[in-house]
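**Student:** The structure is given below, and queries will be raised subsequently.
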Amino acid sequence: MQPKKQDWLLRRDFDRGGSGQVTVSRMGFMIIGCDETFALAFFGQFFGLFVDTGYGTVLVFFVFIVCWYATARRARRPDGPTPAWFIGNVLQIPSNNPEHKFTEWARTYGDVIYLKVFSQSLIVLNSREAARELLEQRGAMYSDRPRFVLFSEMMGWQNASTHVRYGARFRKHRRFMNQTFNQQAVADLQPIQIKEALTLMEGLTATPELFIDHIRRYAGATILKIAYGADVKSSDDLYIKLAERAATMTVRSGTPAATLVDYFPVMRYIPTWAPFSRFKRDALQVKAAVDQMMSLPYERVKEEMSMGTAASSLTSRLIEAHLNTGSITHEDEEDIKGVAGTLYAAAEDTSVCVITSFILAMVLYPEVFVKAQDEMDDVVGRARLPDLNDREALPYLDAVIKEVYRWNPPVPLGIPHRVMGDDIYRDRFIPKGSTVLANAYAILKNCPDPDTFLPERFEDPEVLNPRDVIFGFGRRKCPGRYFADAGVWLVLSMIISGFDISKAKDSEGNVITPVAEFESAFVRHPKKFKCCIRPRK
């Protein structure tokens with residue numbers, strides 16, 4: 001009898017009219033340490049004996065236990081804190097700023113941590129090396145998303161490009177995105193960014209105390225123009241309010257795929273009047289906002305196209321491309337809505353976070369702001385505003401932007417990945433279906449004086465570029481990263497060129513020094529602070 005490639009089939013006649021068979025894992029014998037030929041012969045002899053005596057079921061069970069136990073002992077998971085029975089590490093993972101705890105654990109257990117959340121395996125990657133090797137070099141296995149019960153199935157984000165599962169639909173969304181945000185196409189979008197950045201400067205000049213509102217209007221207006229061709233005049237615009245409400249309520253609901261209903265999907269059927277059902281009532285409110293955010297601007301573009309008045313936009317171009325091929329299906333429309341809606345949800349909130357973090361850093365580190373202004377005046381002068389053609393000549397500004405990304409990574413844990421098959425990394429077993437988090441916070445804080453805002457650290461070319469971290473990894477890396485980074489550069493360069501930033505004063509003339517504190521949410525915004533922004537003389 002020859003063993004098969006994957007397993008052995010051992011047969012024994014039970015009676016004249018039938019036979020039985022048992023499949024025994026080859027891995028079990030290999031881990032136990034038996035020679036395959038000896039194991040096959042040995043097991044065959046005793047299998048016959050046990051069947052003849054009526055104990056075949058007992059033997060099958062015994063072999064199963066031995067194989068499973070041997071495999072479990074040798075196939076060690078990565079190190080991590082000891083889980084409790086049933087709940088795993090749930091009580092050890094803080095609800096606020098879990099990235100801090102993961103970073104602390106990395107110093108004890110290493111850069112790859114294994115956690116158990118109820119029955120779900122969770123892998124946290126705390127180094128650039130581990131994130132690159134798994135999420136990029138093994139991207140075919142690590143590019144899926146977990147099942148987002150709360151965010152996708154209850155809150156309505158199932159069509160968002162950031163949430164779709166890996167496969168044909170994911171590739172379709174990326175193709176849509178890449179048509180607008182490849183490096184060459186980004187240059188064509190610069191006039192929109194410049195126009196909205198100049199409007200932001202006008203707002204900061206008129207009402208600097210409302211700087212966060214002006215920043216939010218800039219981010220929203222830029223994306224809405226590109227996605228739908230919509231012109232936004234103020235932060236009170238209907239589309240901005242819809243998207244802001246949907247995004248804000250969503251990010252405050254927790255980390256994707258990490259809420260209780262994600263681990264116990266049956267909870268989604270709890271009636272809204274039942275105890276402990278607030279999550280469902282909140283989810284219904286978010287879904288209403290998400291549905292409006294996805295549908296209203298899309299329907300407006302369709303209406304304008306029918307009247308011949310639609311401005312060129314991502315949505316209009318995708319609709320036209322499908323119509324030119326003959327027809328557009330309901331699935332196509334849902335995909336276009338998802339791609340366009342993702343632009344706003346993903347780009348608006350993170351852009352606001354980065355620009356606001358820059359202003360906070362300049363208030364707390366005025367010497368950095370003065371040095372950046374001196375470079376700007378030497379290179380660009382005071383007669384004009386900088387543009388992207390000046391970028392290569394302003395290395396200190398580039399270092400400041402890198403340090404903003406590093407000092408406060410906007411999405412500290414990223415969006416979870418999912419392992420599509422069993423894997424071995426550094427001789428440790430990563431089971432199929434594990435949720436994988438790349439801890440950008442830990443990766444970017446692994447440096448001297450991590451809490452100090454110090455752009456000079458990037459004078460060393462060997463220092464990790466935060467752009468290689470904050471935009472994600474592998475096949476899930478943000479397709480709009482070049483566009484987003486260019487927009488940040490434009491806004492920050494114009495602020496440095498045209499304004500002075502300093503600490504605010506209270507009614508009695510006392511200087512107010514803000515604290516570098518950040519919200520615990522999916523997007524890590526600075527907590528509200530006061531500052532003084534004045535046009536330069």
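The values are calculated or read from the model by the stated rules, or taken from the named source; none is laboratory data. Computed from a prediction, not measured in an experiment: that's the story for all the values here. Cβ: placed from backbone, ideal geometry, glycine included. Neighbour counts: every protein chain shown.
**Student:** Restricting to helices (runs of 4 or more DSSP H) lying wholly in segment 202-272: which have 2 or more residues that are touching a Ser or Thr at 6+ places or on another chain (Cβ under 7 Å) and in contact (Cβ under 8 Å) with a residue 24 or more places away in the chain?
**Tutor:** 211-228
**Student:** Also: Residues of segment 71-106 being of a type in the set (Gly, Ala, Ser) and surrounded by fewer than 18 Cβ atoms within 10 Å (Cβ to Cβ), which ones?
**Tutor:** Of everything in segment 71-106, those that are of a type in the set (Gly, Ala, Ser) and surrounded by fewer than 18 Cβ atoms within 10 Å (Cβ to Cβ) turn out to be ALA72, ALA75, ALA84, SER95.
**Student:** Residue by residue through segment 135-156, note down the ones that are modelled with pLDDT under 90, surrounded by fewer than 23 Cβ atoms within 10 Å (Cβ to Cβ) and touching a Phe, Trp or Tyr at 6+ places or on another chain (Cβ under 8 Å).
**Tutor:** None - no residue of segment 135-156 is modelled with pLDDT under 90, surrounded by fewer than 23 Cβ atoms within 10 Å (Cβ to Cβ) and touching a Phe, Trp or Tyr at 6+ places or on another chain (Cβ under 8 Å), so the list stays empty.
**Student:** Right, something else. Being of a type outside the set (A, V, I, L, M) and more than 30 Å from LEU388 (Cβ to Cβ) is the filter here; which residues of segment 486-521 pass it?
**Tutor:** LYS503, LYS505, ASP506, SER507, GLU508, GLY509, ASN510, THR513, PRO514, GLU517, GLU519, SER520
**Student:** Which of the residues belonging to segment 292-306 are within 29 Å of the chain's Cα centre (by Cα) and not hydrophobic (A, V, I, L, M, F, W, C)?
**Tutor:** Passing the criteria: GLN292, SER295, PRO297, TYR298, GLU299.
**Student:** Looking at PHE471, PHE522, PHE453, PHE529 in this structure, which one is buried (at least 21 other Cβ atoms within 10 Å of the Cβ), within 19 Å of ARG216 (Cα to Cα) and either out of contact with any His (no Cβ under 9 Å at 6 or more places or on another chain) or not assigned by TED's automatic domain parsing to the domain that holds GLN184 (or both)?
**Tutor:** PHE522
**Student:** Read through the list (1) buried (at least 16 other Cβ atoms within 10 Å of the Cβ); (2) assigned to a helix (DSSP H, G or I); (3) of a type outside the set (S, T, N, Q), then give the number of the only condition that HIS163 fails.
**Tutor:** (2)
**Student:** Moving on to the next point. For segment 443-483, enumerate the residues that are closer than 30 Å to ARG169 by Cα and among the aliphatic types (A, V, I, L, M).
**Tutor:** Residues satisfying the conditions are VAL469, ILE470.
**Student:** Which pairs have Cβ atoms under 9 Å, sit 6 or more apart or on different chains, and link a residue in segment 505-517 that is under 21 Å from TYR365 (Cβ atoms) to one that is aliphatic (A, V, I, L, M) and assigned to a loop (DSSP other than H, G, I, E, B)?
**Tutor:** Final answer for the pair search is none.
**Student:** As an exercise: evaluate TYR109 against (1) modelled with pLDDT of 95 or more; (2) surrounded by 15 or more Cβ atoms within 10 Å (Cβ to Cβ); (3) under 22 Å from the mean Cα position of the chain (by Cα) and give the number of the one condition it does not meet.
**Tutor:** (3)
**Student:** If you don't mind, there's one more thing I want to ask. Could you count how many residues in segment 511-537 are assigned to a loop (DSSP other than H, G, I, E, B) and either at pLDDT below 95 or closer than 30 Å to ILE93 by Cβ (or both)?
**Tutor:** Counting residues in segment 511-537 that are assigned to a loop (DSSP other than H, G, I, E, B) and either at pLDDT below 95 or closer than 30 Å to ILE93 by Cβ (or both) gives 16.
**Student:** Sticking with this structure for a sec: Of the residues in segment 351-378, how many are over 17 Å from VAL515 (Cα atoms), polar (S, T, N, Q) and buried (at least 22 other Cβ atoms within 10 Å of the Cβ)?
**Tutor:** Residues in segment 351-378 being over 17 Å from VAL515 (Cα atoms), polar (S, T, N, Q) and buried (at least 22 other Cβ atoms within 10 Å of the Cβ): 1 in total.
**Student:** Scanning for something closer than 20 Å to MET293 by Cβ, aliphatic (A, V, I, L, M), in contact with a helix residue (DSSP H, G or I) (Cβ under 8 Å, 6 or more places away or on another chain) and crowded, with 22+ Cβ neighbours inside 10 Å, does segment 253-268 turn up at least one residue?
**Tutor:** No, segment 253-268 contains no residue that is closer than 20 Å to MET293 by Cβ, aliphatic (A, V, I, L, M), in contact with a helix residue (DSSP H, G or I) (Cβ under 8 Å, 6 or more places away or on another chain) and crowded, with 22+ Cβ neighbours inside 10 Å.
**Student:** Follow-up question, since we're still on this one. Filter segment 425-470 for residues that are among the hydrophobic types (A, V, I, L, M, F, W, C) and closer than 25 Å to ILE93 by Cα and give the result.
**Tutor:** Within segment 425-470, PHE429, ILE430, VAL436, LEU437, ALA438, ALA440, ALA442, ILE443, LEU444, CYS447, VAL469, ILE470 qualify.
**Student:** Something else: Can ALA130 be described as of a type in the set (A, V, I, L, M, F, W, C) and either in contact with a strand residue (DSSP E or B) (Cβ under 8 Å, 6 or more places away or on another chain) or in a loop (DSSP other than H, G, I, E, B) (or both)?
**Tutor:** Yes.
**Student:** Taking THR356, is it at pLDDT below 95, β-branched (Val, Ile, Thr) and assigned to a helix (DSSP H, G or I)?
**Tutor:** Answer is no for this residue.
**Student:** Give the residues of segment 273-316 that are farther than 25 Å from GLU331 by Cβ and assigned to a helix (DSSP H, G or I), sorted by residue number. If you could, list the steps in order and put the result at the bottom.
**Tutor:** From segment 273-316, those farther than 25 Å from GLU331 by Cβ are 273-282, 285, 307-309, 311; that's our starting set.
Listed by number, the residues that qualify are ARG278, PHE279, LYS280, ARG281, ASP282, GLN285, MET307.
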